Amino acid sequence: MIREHAVVDRRLPKVVAKGNLSEIYLSLQGEGIWVGVPMVFVRTTGCHRRCRYCDTEFALVAEKQARIWLGWRKGKPELTVDNPIAVQQVAEWVLQASGQGRLANWVSFTGGEPLLQADFLAELGAMLKGLGFRILLETEGGLPNRLEKVLPFTDAVAADIKLPSTTGEPLDWDEAERFLRLVAKAPVQACVKIVVTTDIDEGEFERAVELLAQLQTSQSDFRRFCPVALILQPVTPARFVTETPSMELLLRLASLAQRKLADVRIVPQVHKLMQLP
Ligand code: SF4
């Protein structure tokens with residue numbers, strides 16, 4: 001729970017990090033196993049990937065200014081501020097956007113790719129956890145070295161496995177495996193997501209399932225901390241993707257995955273269905 005009358009301590013001398021943000025706002029989580037949980041979203045700006053279906057294209061290239069809603073996102077932002085922004089300032093806006101923790105006690109670090117600013121997020125995560133917030137990291141799942149910095153200040157991780165046939169980009173399978181092994185060892189909730197497009201390669205999909213299955217058997221903690229092993233997320237048309245996958249395709253993939261994984265779910269982007277940001 002957020003401490004009553006919590007305030008951000010501006011006297012902390014060690015906290016000097018600044019981050020480049022796209023936006024901050026209060027909304028509902030729309031993906032994975034946390035669907036429906038009120039969260040303050042801290043969206044960093046900039047991403048090293050260019051997924052064909054990216055729905056946050058505005059945040060791919062570092063934005064000069066960030067938009068801040070000090071509560072539920074509606075209409076124009078209350079503030080438009082220059083980047084970079086100090087950790088203490090971000091924490092104060094998160095407190096305000098959350099209604100001092102009355103409306104939300106979760107914060108999502110999302111992007112762009114948040115782990116590109118791992119040092120900043122580690123300091124922000126430490127400060128927000130000190131205030132009583134829980135932290136969800138939403139990431140593309142391929143930067144294990146940077147994950148190590150943020151993981152100690154994280155309560156939950158939503159990681160993608162970015163299949164080349166769906167993103168249009170290569171995937172470093174070794175780095176993806178290192179990433180998932182770190183998550184599996186950490187005391188965090190976790191779910192793994194694969195975005196499904198009409199051109200998904202089933203061989204790649206089976207390779208991803210096999211990787212998760214091996215983690216389940218080789219690390220006994222994986223199942224405990226990863227109650228939902230795999231989320232299949234039908235793509236929402238965006239950027240270069242115009243078609244959605246059929247239910248036949250989704251069920252065939254789920255059937256393949258269920259042969260090796262105990263818990264497989266098909267979950268669309270619920271915030272899009274609700275017309276939320
Ligand atoms: S990793 Fe995420 S933010 Fe980056 S291009 Fe892909 S979908 Fe967009």
Longest principal axis of the chain (C-alpha) makes with the long axis of helix 118-131 (C-alpha) an angle, in degrees to the nearest 10, of 70
If one compares the long axis through the Cα atoms of helix 87-97 with the longest principal axis of the Cα atoms of the chain, the angle in degrees, nearest 10, works out at 80
Amide H proximity to Gln65 below 5 Å, modelled H, separation 5+ or other chain, gives Asn83
Along the range 24-39, Karplus-curve 3J(HN,Hα) (6.51, -1.76, 1.60; θ = phi - 60°) to the nearest Hz, with x for Gly and Pro, reads 10, 6, 9, 7, 9, 5, x, 10, x, 8, 9, 3, x, 7, x, 9
When the charge dipole of the chain is computed with +1 at the Cβ of Lys and Arg and -1 at the Cβ of Asp and Glu, the Cα pointing farthest to the positive end, of Cys54, Gln275, Val209, is that of Gln275
Debye calc, one equal point scatterer per Cα of the chain, no solvent, log10 I(q)/I(0) at q = 0.08, 0.13, 0.17 1/Å comes to -0.31, -0.85, -1.42
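What's the ranking of 239-250, 18-29 by average number of surrounding C-beta atoms within 10 Å, highest first? Don't skip to the answer; put the middle values down first.
Values: 239-250: 14.1, 18-29: 22.3.
Result, highest mean first: 18-29, 239-250.
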For the chain, the longest principal axis of the Cα atoms and the Cα long axis of helix 247-258 enclose an angle in degrees, to the nearest 10, of 90
Sorted by chain and number, the residues with a modelled amide H under 5 Å from that of Glu78, at a separation of 5 or more or across chains, are Ile68, Trp69, Leu70
Percent relative contact order for the range 18-273, counting Cα pairs under 8 Å at least six residues apart, stands at 18
The distance between the Cα centres of the range 126-148 and the range 43-58, in whole Å, is 18
Helix-only [θ] at 222 nm, the chain, -39500 (n - 2.57) per DSSP H run of 4+, per residue, nearest 500, equals -9000 deg cm²/dmol
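What does the charge dipole of the chain about its Cα centre add up to, to the nearest 20 debye, if the Cβ of each Lys and Arg holds +1 and the Cβ of each Asp and Glu holds -1? Please report the intermediate quantities before stating the final value.
Numbers: 33 positive and 33 negative charges, 173 e Å.
Here the chain has a charge dipole of around 840 debye.
For a distance above 19 Å, tell me the whole-number percent of Cα pairs in the range 40-109 that qualify. Walk me through the numbers before you get to the answer.
Working: 945 of 2415 pairs.
In whole percent, the long-distance tail amounts to 39.
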Looking only at aspartates and glutamates whose Cα falls under 15 Å of Lys272's and that sit 8 or more positions away or on another chain, we get Glu31, Asp55
Phi-derived 3J(HN,Hα) across the range 156-171 with the Karplus relation (6.51, -1.76, 1.60, θ = phi - 60°), rounded Hz, x for Gly and Pro, is 8, 10, 10, 10, 8, 10, 8, 5, x, 5, 9, 7, x, 10, x, 10
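Cα-Cα over 31 Å: which of Lys76/Lys129; Lys76/Lys162; Lys129/Lys260?
Going by Cα-Cα distance, Lys76/Lys162; Lys129/Lys260 fall outside the 31 Å limit.
Every number here is computed from the coordinates shown, using simple stated rules; none is lab data. Source: prediction; values computed, not measured. No Cβ is skipped: glycine too gets one built from the backbone with ideal geometry, and neighbour counts run over all protein chains shown.
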